[in-house]
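For reference, the structure is listed below as structure tokens.
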There are 4 protein chains.
Amino acid sequence: MALAKMSVADVEQFLRVEFPQAFSGDDIMIESADGQTCLLRQRFSEKMLRPGGTVSGPTLMALADFAMYVVLLSAIGPVGLAVTTNLNINFLRKGQPGQDVLAEARLLKLGKRLAVGEVKLLSGTSPDPIAHVTSTYSIPTV
Amino acid sequence: MALAKMSVADVEQFLRVEFPQAFSGDDIMIESADGQTCLLRQRFSEKMLRPGGTVSGPTLMALADFAMYVVLLSAIGPVGLAVTTNLNINFLRKGQPGQDVLAEARLLKLGKRLAVGEVKLLSGTSPDPIAHVTSTYSIPTV
Amino acid sequence: MALAKMSVADVEQFLRVEFPQAFSGDDIMIESADGQTCLLRQRFSEKMLRPGGTVSGPTLMALADFAMYVVLLSAIGPVGLAVTTNLNINFLRKGQPGQDVLAEARLLKLGKRLAVGEVKLLSGTSPDPIAHVTSTYSIPTV
Amino acid sequence: MALAKMSVADVEQFLRVEFPQAFSGDDIMIESADGQTCLLRQRFSEKMLRPGGTVSGPTLMALADFAMYVVLLSAIGPVGLAVTTNLNINFLRKGQPGQDVLAEARLLKLGKRLAVGEVKLLSGTSPDPIAHVTSTYSIPTV
């Protein structure tokens with residue numbers, strides 16, 4: 001796969017304009033993005049949790065979907081109309097109490113019309129993922 | 001499958017106590033739940049949308065996950081520790097502008113340890129689903 | 001959705017030429033196909049079973065994938081190069097001993113580039129599905 | 001995760017007795033299995049292909065499902081009644097003409113009741129997977 005077409009700073013600037021809802025920039029940080037992988041961090045907050053202390057499914061699904069979009073943007077440049085067509089998530093473990101959630105995304109395929117990737121969701125410093133996602137984005141053709 | 005073990009009013013009361021984050025009761029209403037199916041309505045708000053006017057993926061995933069939990073509660077009674085193990089979503093269409101989102105959930109299997117269901121997500125009065133979800137819940141054994 | 005672009009006889013003739021491996025016509029019959037749904041029947045044979053008498057996963061996945069292709073062909077006409085991009089299957093129940101397996105496929109979306117459908121897999125005359133599949137096909141553009 | 005509870009030779013012997021349909025041992029070889037990962041090789045044959053030279057979906061799904069069972073057996077020992085509950089596959093690329101197909105499976109979670117894993121399907125010596133699978137097995141409790 002090719003080099004990144006957007007730096008982390010470029011991706012952030014694009015998202016602040018195009019995706020103000022998803023990326024207020026307060027609780028989610030893009031730690032890296034290189035055209036093939038990216039790493040996102042979502043700061044811990046009580047709002048993430050469901051009863052029992054598990055990180056909620058919607059928190060993890062939203063973060064994974066966003067991580068896939070970030071790695072795709074870094075790979076193809078500023079394309080606003082890419083849309084998720086499929087997302088599959090397996091929930092694996094409870095997270096560590098009070099820890100940030102990390103999303104490690106990686107492109108498995110970057111085609112002209114479809115991009116497929118996987119995302120590992122991690123809690124704090126534990127190497128065992130709390131959830132695993134595969135997802136497909138449809139890329140608009142010009 | 002058996003009759004409902006909780007009425008809609010029972011499910012709502014349980015959720016207000018156990019799931020205050022997911023169910024404030026302001027924007028999501030449980031219109032029906034009978035132990036095998038349920039129907040939820042999420043009132044339209046601008047916050048649902050991503051750029052281009054599409055209902056956002058996280059909104060749809062969260063609503064579908066919640067609908068599966070509601071139909072499961074209505075089937076098995078007040079079990080707080082059931083957790084989603086898998087969720088697969090296919091995004092199909094943009095919704096109608098300004099319309100509520102509806103979630104029609106249906107149990108495909110209710111086993112002792114696992115429940116599997118499908119959820120159609122609809123926009124306003126259109127019969128064509130905007131997304132389709134299948135999901136598995138793990139049921140704690142006593 | 002539009003009417004069928006190929007009749008069952010047309011689809012069968014196309015498949016005998018283009019897909020001799022999948023469709024020898026001996027054990028799988030296309031009972032109907034109307035551009036939006038189709039019904040396939042796979043005659044029972046011992047080869048379908050895994051130990052314990054369950055219909056094997058690969059048998060069900062292959063039949064569901066084929067049913068999606070049949071309903072798609074009936075909808076778009078003789079397009080040889082459509083390929084599956086995603087398939088998700090939930091296994092729900094053991095089948096009835098000695099019974100045929102039926103696949104009821106239905107298109108959820110027929111777009112220009114992607115078609116999404118669901119398939120219920122049934123055993124004999126039981127109304128409870130033994131497995132449920134959602135699947136996406138990529139349609140080549142001319 | 002713990003060490004393997006069965007060696008490759010143990011797994012093969014178990015499968016020849018319990019799974020004669022899936023494991024004739026002629027075309028699929030277990031190259032390694034260590035309780036956490038396994039590697040299978042399916043020898044190339046024309047029967048694998050669909051028109052256009054793509055490795056057929058059912059071939060890949062069957063091999064991935066089998067690889068998940070092999071890694072699970074190596075992790076938990078000779079448990080005949082473990083069954084797949086969910087399998088999700090993304091098809092990514094055509095394979096290399098005339099090449100063997102390899103399946104690299106890895107457990108993401110080994111719980112008491114559920115095991116979740118992922119499988120990369122590879123063609124010949126290319127590092128780019130032709131398909132990616134996640135799958136869940138239900139483990140019988142004694």
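Taking the accessible area of chain C, probe 1.4 Å, and keeping the other protein chains in place, the carbon and sulfur fraction comes to 54%.
Charged neighbours of residue A:99, selected by a Cβ distance under 13 Å, balance to +1 (K, R count +1; D, E count -1). What the pair-distance distribution of the protein assembly as shown shows, using all Cα-Cα distances binned every 20 Å from zero, is 21, 58, 21, 0 percent.
When chains B and A come together, the accessible area they lose, probed at 1.4 Å and totalled over both chains, is close to 2000 Å².
Axis angle, to the nearest 10 degrees, between helix D:57-76 and the longest C-alpha principal axis of chain D: 30 degrees. In segment B:8-138, inverting the average of 1/r over every pair of distinct C-alpha atoms gives 14.6 Å as the Kirkwood radius. For a modelled paramagnetic label at residue B:82, 7 Å from Cα along Cα-to-Cβ, the residues of segment B:37-64 in reach, with backbone nitrogen under 12 Å, are B:37-38. Distances between placed amide hydrogens fall under 5 Å for residue C:56 paired with C:49, C:50, all partners being 5 or more residues away or on another chain. Springs between Cα atoms under 10 Å define the GNM used for chain C, and in it the highest mean-square fluctuation of C:97, C:20, C:51 occurs at C:51. Residues of segment A:32-76 whose accessible area, computed with a 1.4 Å probe over protein heavy atoms, drops by at least 40 Å² once all protein chains are present relative to their chain alone are A:50, A:51, A:58, A:61.
Rolling a 1.4 Å probe over the protein heavy atoms gives chain D an accessible area of 41 Å² per residue.
The mean sequence separation of alpha-carbon pairs under 8 Å and at least six residues apart, normalised by the residue count of chain B, gives a relative contact order of 25 percent. The C-alpha atoms of segment D:71-136 occupy a region whose extents along the principal axes are 40, 20, 17 Å, arranged from largest to smallest.
Annotation: residue A:139 carries an accessible surface of approximately 10 Å², with a 1.4 Å probe and no ligand, DNA or RNA atoms counted. Using a probe of 1.4 Å, the accessible surface attributed to residue B:128 totals some 80 Å² when neighbouring protein chains are kept in position.
At an R0 of 22 angstrom, the distance between the Cβ atoms of residue A:3 and residue C:113 translates into a FRET efficiency of 0.20.
Towards the positive end of the charge dipole of segment D:8-138, with charges on Cβ (+1 Lys, Arg; -1 Asp, Glu), say which of D:69, D:11, D:56 has the farthest Cα. The residue sitting most towards the positive pole is D:56. What you get for segment C:4-95, charging only the Cβ of Lys and Arg (+1) and of Asp and Glu (-1), is a dipole of about 380 debye around the Cα centre.
Between helix B:8-18 and chain B there is an angle of about 90 degrees, using the helix long axis and the longest principal axis of the Cα atoms.
Rounded to the nearest 20 debye, the dipole magnitude of the protein assembly as shown is 0 debye, with +1 charges on Lys and Arg beta carbons, -1 on Asp and Glu beta carbons, and the Cα centre as origin.
The values are calculated or read from the model by the stated rules, or taken from the named source; none is laboratory data. In this text the structure is predicted, and so the values were computed from the model without any measurement. Note that we place each Cβ from the backbone using ideal geometry, even for glycine, and neighbour counts take in every protein chain shown. For accessibility, only protein heavy atoms count, side chains too; no ligands or nucleic acids. Shrake-Rupley method; radii C 1.70, N 1.55, O 1.52, S 1.80 Å.
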